[in-house]
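The next block holds one structure in the form of structure tokens; read it before the comments.
The values are calculated or read from the model by the stated rules, or taken from the named source; none is laboratory data. What you are looking at is a predicted structure, and each value in this text was computed from that prediction instead of being measured. Note: ideal-geometry Cβ built from the backbone for every residue, glycine included; neighbour counts use all protein chains shown.
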């Protein structure tokens, strides 16, 4: 494919994935709750783990937030397996988004930034994986935006995958723990899981440096 035609091809692929995601959501009756996701995935037999991973990988095209899917993983497969499958899905989601961003001209954007702001480019390359890890580990971190930004930056794919795997394991574990208790809402374990999930939201925000990296990443001076 010619370089000039590549972005058009990528847009066609992205549009196709969005249409496929919406078709699947309508056909499967997926709603914004973990139980509807569990009911459909559970009915897929031996394909259930594979389809669950693919749903997380394509969650931005199905238009279902990761929290619902990751909680459904704990409900479906238990805490450990749900966390593992959720982490794999998040890494695949990062790779897919990264590739799409690079196909849309990420290399050109990156080269222009490197040429005009070499110090900032070096900062992004060194601090980028840490920002990715913190954003993914934080349960409300903006994953999709981070993945797209990584594709348009100097962050390398291998570093991105490692950062997402680490942060994704933390995020998937928190939601899977909570999801696994949804079969017994109101039990002491349910309230413990809910409290743990709430703490993962609130406690990290007490650190001013983390707040700055999560919500104002551009505030980090590239000097």
Can you tell which of 147, 190 is under 20 Å from residue 69 (Cα atoms), modelled with pLDDT of 80 or more and assigned to a helix (DSSP H, G or I)? 147
Exactly one of 79, 113, 88, 136 is modelled with pLDDT of 85 or more and farther than 21 Å from residue 51 by Cα, and that residue is 136
Return yes when residue 73 is touching a residue at least 40 places away in the same chain (Cβ under 8 Å), in a helix (DSSP H, G or I), touching a helix residue (DSSP H, G or I) at 6+ places or on another chain (Cβ under 6 Å) and farther than 30 Å from residue 7 by Cα and no when it is not. yes
Across the range 45-70, what is the total count of residues that are surrounded by fewer than 17 Cβ atoms within 10 Å (Cβ to Cβ), assigned to a loop (DSSP other than H, G, I, E, B) and without any contact (Cβ under 8 Å) to a residue 40 or more places away in the chain? 1
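Yes or no: the range 158-177 includes at least one residue that is modelled with pLDDT of 80 or more and not in a helix (DSSP H, G or I). Even if it seems obvious, please write down each step before you answer.
Here is the first cut: in the range 158-177, the ones modelled with pLDDT of 80 or more are 158-177.
From what's left, not in a helix (DSSP H, G or I): none.
Looking through the range 158-177, none of the residues is modelled with pLDDT of 80 or more and not in a helix (DSSP H, G or I).
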Within the range 20-62, how many residues are over 23 Å from residue 77 (Cβ atoms) and under 20 Å from the mean Cα position of the chain (by Cα)? 2
Members of the range 10-44 found to be crowded, with 17+ Cβ neighbours inside 10 Å and not in a helix (DSSP H, G or I), listed by number: 30
